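Trainee: The structure under discussion is supplied below as structure tokens; questions concerning it will follow.
Nothing in this text is a laboratory measurement; each read-out follows from the coordinates by a stated rule. Owing to the predicted nature of the structure, the values given are computational and were not obtained by experimental measurement. Neighbour counts run over all protein chains shown; Cβ positions are idealised from the backbone, glycine included.
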Amino acid sequence: MFFLFKSKFFKILAFVMIILFNVEPVQAADIGNSFNYGFAEKSGYISMNGGGAAVDYGTTVADATLSGYAWSEKAGYINFDDAGANYSVANDGLGNLSGYAWSEKLGYISFDDSTANNYYQVTIDVAGNFSGYAWSEKAGYINFDDAGALYNATTTWVPEYAPTVTNSVGATNVTSSGARLNCDLTDDGNLSTTAYVYWGDDDAGTTSGNWDYEENLGVKSEGVYYYDAGSLTKNTIYYYRCYAINATGNDWADSTSQFTTAKVTSPIIFKRGVILKKDVIFK
């Protein structure tokens, strides 16, 4: 009886051991939207995401704050927000960071210099790249971008801002009765942007209500867009100006463009048998 029990015990134990030792190792997940590294002379690389690490961590950038953790082998976890509001890293929505992160080994880490000297600040550009320096009394400057591309912290978050538009391309396909009014949406501010053209036979500047015509061309992507104006008067000066708006703001083209419609001349018709004098010149 004892032998049978012992035999079953070892079979069960062997089965459990097979399961335990054949389990695939589980790597931790990145729980933020930031990637790559910052670097400090005294504490080395600072990882912004935990993909493949021993434990879950990651840094999340949002419109108003940074949250979560970064990791350094020498400094340990770096916390970007504290429920007790003793420290936090703020984002002004345009990628200008301020405030403090916290590390058990490094203490407070400042993301901007609050003095008038403005010696350091960490920012995020329109492509999601961190740049600039943070400061820790124990670690010194922490660099978030490197010109040699050895390290460069990035994030999928990008700032949202007002669009920019121009009508420097000018009008094309000008005839006596029509013209193509070209605009260029040079930047949509990372938001859905609605494009307009204002036009008429007077320059109304940036006062929309004073233009003769307003053309809403709907949501446009960055690049050239246009409106084909028709029923124009021959040999007349016309003006137009481009405008764009998104949820953050709006922009008028820096100046008004103008064009003149073509003249229309009546053809000269000669009666049959007319003889022209010598040296007659048609203009």
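Trainee: Plugging the Kirkwood radius over Cα pairs into Stokes-Einstein for the range 34-155, at a temperature of 37 °C and a viscosity of 0.692 mPa s, what D comes out in µm²/s?
Mentor: Numbers: Rh = 14.1 Å.
Translational D for this selection: 233 µm²/s.
Trainee: Let me ask something else. May I ask you to evaluate 6.51 cos²θ - 1.76 cosθ + 1.60, the Karplus curve with θ = phi - 60°, for each residue of the range 190-207 and list the ³J(HN,Hα) values in order in whole Hz, giving x for glycine and proline?
Mentor: Listing the rounded values in order: 6, 9, 4, 10, 9, 10, 10, 10, 10, 8, x, 8, 9, 7, 9, x, 10, 9 Hz.
Trainee: While we're here: Which of the aspartates and glutamates could a cross-linker span from LYS234 if the Cα-Cα distance has to be under 20 Å and same-chain partners fewer than 8 positions apart are dropped?
Mentor: Leaving aside aspartates and glutamates fewer than 8 places away in the same chain, those within reach of LYS234 are ASP201, ASP202, ASP203, ASP212.
Trainee: Still on this model: Whole Å is fine, so just give me how far the alpha carbon centre of the range 215-246 lies from that of the range 93-148.
Mentor: Value for the Cα centre distance between the two parts: 44 Å.
Trainee: While we're here: How much length is gained on full extension from THR156 to SER177, taking 0.36 nm per residue of separation minus their Cα-Cα distance?
Mentor: Working it through step by step, the gained length comes to 2.7 nm.
Trainee: Out of residues 5 or more away from TYR213 or on other chains, whose amide H comes under 5 Å of its own, with H placed 1.01 Å from N in the peptide plane?
Mentor: For TYR213, whose amide H was placed from the backbone, the distant partners under 5 Å are TRP199.
Trainee: Still on this structure, please answer the following. Which of GLU215, GLU137 comes first, and how do the rest follow, when ranked by fewest Cβ neighbours within 10 Å?
Mentor: Values: GLU215 17, GLU137 10.
Least crowded to most crowded, the residues run GLU137, GLU215.
Trainee: List, in order, the whole-Hz ³J(HN,Hα) value for each residue of the range 162-171 obtained from phi through the Karplus relation with A = 6.51, B = -1.76, C = 1.60 and θ = phi - 60°; use x for Gly and Pro.
Mentor: Values, residue by residue: 5, x, 10, 9, 9, 10, 5, 4, x, 7 Hz.
Trainee: By average Cβ neighbour count within 10 Å, what is the ranking of 40-47, 255-262 from highest down?
Mentor: On the way: 40-47: 18.8, 255-262: 16.6.
Result, highest mean first: 40-47, 255-262.
Trainee: Next question. Using the Karplus curve 6.51 cos²θ - 1.76 cosθ + 1.60 with θ = phi - 60°, work out ³J(HN,Hα) for each residue of the range 87-92 in order, rounded to whole Hz, and write x for Gly and Pro.
Mentor: 7, 5, 9, 9, 10, 7
Trainee: Obtain the radius of gyration and the Kirkwood radius of the range 164-260 from its C-alpha atoms and give Rg over Rh. Don't jump to the answer; show the numbers that get you there.
Mentor: On the way: Rg = 12.7 Å, Rh = 13.2 Å.
Result: Rg/Rh = 0.96.
Trainee: Neighbour counts of other C-beta atoms within 10 Å: give me LYS74, LYS220 arranged from fewest to most.
Mentor: Numbers: LYS74 14, LYS220 19.
Starting with the residue having the fewest Cβ neighbours, the order is LYS74, LYS220.
Trainee: Using amide H atoms built in the peptide plane, which far-off residues or other-chain residues are under 5 Å from ASP187 H to H?
Mentor: THR164
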